[in-house]
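J.: Please find one structure pasted underneath; my questions will follow.
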Amino acid sequence: MIRSRNKWMKLMAIILPILLATICLIKVIKNDNQAGMPIPREYVFTGEYSYDGINWYPYNEDSNISAFEGDVIVKGHLDADIEEGAILNFYCNHIGVSIYVNGERVYIDAPTEIKEYGIDLMPSMCGKHWDRMLCPTITTEDEIEFRFINYHKYGNKDAYKEALRSLLITPQDNTILEVYLKSYIKPFEMAGYTLFVVGVMLLGASFSAVVFRSSMAKRLFGMGATTLFTGGYMVFDVMMIYILDELLVIKTYGRQLCLMLAVYFMGLLICDGLSTKYKKVAEIVMGASAIIILLLILPATVGKILLYDTQLFWIPAQYIISVVLIVLCLLELKKKQGKKVELITYIFMNGAIMLDMAGVGYRMYYSGIFFKALFVIMLVVFLLDGAKKMIMNHQASIKNMKLKEELENSHIALMLSQIQPHFIYNTLGTIGEFCEEEPKKAADLVQKFSLYLRGNFTELDNPMPIRLSKELEHVKHYADIEQIRFPDMKIEYDIQNDNFLIPALTIQPLVENAIKHGLMGLETGGTVKISSYATDNYYEVCVEDNGVGFDESVFEDGKKHVGIKNIRKRIEGMCGGTLVIDSVIGKGTTAVIRIPKEGEEHDSVGGR
């Protein structure tokens, strides 16, 4: 009982300080000095608007006033008085504004003033920001007139309404508006900085993967670049509290460039996730995307066009690219068993990009909400998948170390199984016969036999995989010897691809088995065919014969067929591949080696 009480006392001694600290922190935050600051007063404007100064239409918060229709004049009244010296704050989304009170101009911003002088708009004069005006005394009886200009005629349709809906009055203290807007700004800003840091870490991991020759390098780089630029886009997309020329340029240009590059690297990431057939189409599409981006950025760099104006061309092009990528992902999803979650994520990401470009879900305080939300989900999926692969790779590494140890321990047994005494005796006997009757054939056979023996002793000591082309040289030395001994036997080759790695001395024993256990059972003749080719996911080598075949149940005896077991272990341990043997009595045997292509995931292949 005493021991139980002491246990509870120790537990409470840990929990209570943490609980009290949490309550204290919440109370401090609740009673923060910021909470005592004045809250900006929202003003409602009503009146009428006109695009030409002749035809006037009623204006309220539900009016369909569009920035796409051109410059506009809006005049009317506020719902409350404004004291002299107060600050009128309003949100400008790539528009210019001048304000009049009872016909007298009391405010003009830089873009509008520049237009009056007939000067082209400069990058530092346009962007998304909060502007402000030091007010004279304004009553509800005074007529307020807003004159808005839109340089772009696209991309900010509701900009006029946003400005009129965001009329906030504050004292002459910048921090009041900043505190008020913090709840809208901070979540996206912090998320952007977090993604930026994660992107840098992923890029660092990709460079490490290159050094260690990991197949994950390309995917890590693609995800790292996409994360980095998405984080930059989220940071730059946050609205500015009042206009600062240099920062406005950085935010406006930085936002657009980061968005373009984030979407571009997302497309490259999708390319890497497709199989060969669809990957080629996706690579062509992304090549076109790269050219479009370069052609748009170059004129903006030399000052021929504002970067914001390139959206007029980039958005339609990106619509087409997104549709093509969605179709390719759907086709891949229909075809493939693996990567379903990844492909579905890519489909939704491109759908989100299209929705955001169409302006769906846009609000005054944020944009691109679908892309931002789904990207975070995709990043989580990627990181979880990466963690899973790291665990699997670690397990595979342990398994490979055990396999290597087993292979080293069985090195002598493997050598003896590869150089069969009966083959040596038979070859030497054939050479002896030819020495008396056909000396030239005997000399040729001695040459081929020496090459065969040298290949065996050299490659058995090689712990690394070799090119299939090199392995086939050794196979031909063996096959040439057997064809001299058995002239009615045929060896055929159909080599479509030999530029991939395979464990040494894995094909020759399969050919030997085909001859010894397949063709030797026939009364005469017989054919062994050796072929190699590439599929979407694998490199394959096939050794088939039309011999007598065998009952596959012989594999159930673990003590027999040690040679086949060793070959299978080496293929799996050194290349991650499989050996599948199928045989039909009276028809022949087929042995297929499948080696996964580098950097791709594949389903396991069954078979004996």
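The values are calculated or read from the model by the stated rules, or taken from the named source; none is laboratory data. All of these numbers come straight from a predicted model, not from anything done at the bench. Quick reminder, even Gly has a Cβ in these numbers, built from the backbone with ideal geometry, and neighbours come from all protein chains shown. All accessible areas refer to the heavy atoms of the entire protein, side chains included, with ligands and DNA or RNA removed. Shrake-Rupley method; radii C 1.70, N 1.55, O 1.52, S 1.80 Å.
J.: Distance in nm between label sites at THR194 and GLU572, each 7 Å beyond Cα in the beta-carbon direction?
T.: Output for this residue pair reads 4.2 nm.
J.: Right, here's the next one. Work out the FRET efficiency for MET520 and MET464 from their Cβ-Cβ distance, taking R0 = 30 Å, and round it to the nearest 0.05.
T.: Result of the calculation: an efficiency of 0.35.
J.: Let me ask something additional. Leaving ligands, DNA and RNA out of it, rank LYS476, LYS128 by accessible area with a 1.4 Å probe, largest first.
T.: The most accessible residue leads, giving LYS476, LYS128.
J.: Let me ask something else about it. For MET357, MET133, MET390, what's the largest-to-smallest order of accessible area, 1.4 Å probe?
T.: Heavy-atom accessible area, descending, gives MET390, MET357, MET133.
J.: Filter the cross-link list LYS476/LYS529; LYS388/LYS565; LYS218/LYS569; LYS157/LYS251; LYS277/LYS476; LYS490/LYS597 down to pairs whose alpha-carbon distance in this structure exceeds 22 Å.
T.: Those over the limit are LYS388/LYS565; LYS218/LYS569; LYS277/LYS476; LYS490/LYS597.
J.: Could you work out how much longer the chain between TYR117 and ASP142 gets when fully extended? Use 0.36 nm per residue separation minus the Cα distance between them, nm to one decimal.
T.: The TYR117-ASP142 span can extend by a further 6.1 nm.
J.: Please work out how much accessible surface GLU189 shows to a 1.4 Å probe, ignoring ligands, DNA and RNA, in Å² rounded to 10.
T.: Taking all protein chains as shown, GLU189 has close to 40 Å².
J.: Give me the one-decimal nm value for the distance between modelled label points at LEU331 and MET201, 7 Å along each residue's Cα-to-Cβ direction.
T.: 3.8 nm
J.: Can you give the accessible area of ASP356 in Å² (nearest 10), computed on protein heavy atoms with a 1.4 Å probe?
T.: Accessible area of ASP356: about 30 Å².
J.: At a probe size of 1.4 Å, how large is the accessible area of ARG467, to the nearest 10 Å²?
T.: So the heavy atoms of ARG467 present about 110 Å² to solvent.
J.: Write out the trypsin sites (Lys or Arg not before Pro) in the stretch 150-227 meeting two conditions: DSSP loop, and at most 16 other Cβ atoms within 10 Å of their Cβ.
T.: Qualifying residues, ordered by number: LYS153, ARG213.
J.: For LEU355, LEU384, write out the residues from largest to smallest accessible area, computed with a 1.4 angstrom probe and no ligands counted.
T.: Largest accessible area first, the residues go LEU384, LEU355.
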